[in-house]
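Just below is one structure, and these are the notes that go with it.
None of the figures in this text is laboratory data; all of them are computed from the coordinates on show. For clarity, every value in this text was computed on a predicted model and none was experimentally measured. Glycine gets a Cβ as well: all are built from the backbone with ideal geometry, and neighbour counts include every protein chain shown.
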Amino acid sequence: MTVYRDAAHCISRVMSIEIHDGTKKASWQRKYKATFDDELPGGSVSDDLSPEERLTQASMTRATIKRALPEIQWQALVGKYSINQNEVRIAAAYLTPRVVSPAHQLFKTKCVMAWMVPERRNGLPGSFYVLHSWDADGTPERTLRRWRSITKRWLDDQVSAAHIAVEVLLEERGLLLQQVA
C-alpha cells in the first residue's frame, strides 16, 4: 500500500495521474530509480508496489478524495494542481460563478484563471495578467487590487480546507507515513 508523507504529497500524486502510463519502458528507463516523490526521508522507497499498483492506488485515493470533499474544495484542488488542462477549464467554469467576491463576472473569470494558471506557467499570454484588462468599467486600481486579494484569498481558503480534509482522510485510512513508521 502506498504511504503518503502528507496531504500535499498525496494531492500531487493524484493530480498527476495522467503522466503515468502502462507502456513498457526501454531498458534504460527501467534502470532509473524512483524519483524524490517516491522516496522516504531515510532514502528507502515507500512501498514495494509495481508502477501499475501505484497507479491503481493513486486512482483509488483520487476517487476517495473526490467523493469525500465538498465539490467546491475538489474543484479548487483540481484547478490549482491538476496537470489536465481540460479538468482545469472545467474547474474554472465551476468555481467562477461560486467565488465569493464583490467583483463583477469578467473580473472573477480572469482572476480565477490567473490563480489557476500563474504567470510563470506557460499557457496564457502575458497581457492576460494585466490587472486593468480584467475590468471594462474604469474601476480604480485600488479597488481592483482589493477585489483580486479577496478573490484569491477565497480560492486559497478552499484549497487550505481541502488540504486539511485530505489529511484527515489519509489519517483515517492509515495512509500517512507517521502512522506506519
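Seen through its C-alpha gyration tensor, with square-root eigenvalues sorted a ≥ b ≥ c, the range 82-152 comes out oblate because a/c lies at 1.5 or above while a/b is not bigger than b/c. Full extension of the chain between residue 168 and residue 133 yields a length gain of 8.6 nm, computed as 0.36 nm times the residue separation minus the alpha carbon distance.
Extension gain, residue 145 to residue 64, is 25.4 nm, computed as 0.36 nm per intervening residue step minus the present C-alpha separation.
For the residue pairs 108/152; 66/110; 66/152, the alpha carbons lie more than 20 Å apart in 66/110; 66/152. Rounded to the nearest 20 debye, the dipole size of the range 131-181 about its Cα centre is 240 debye, using +1 on the Cβ of Lys and Arg and -1 on the Cβ of Asp and Glu.
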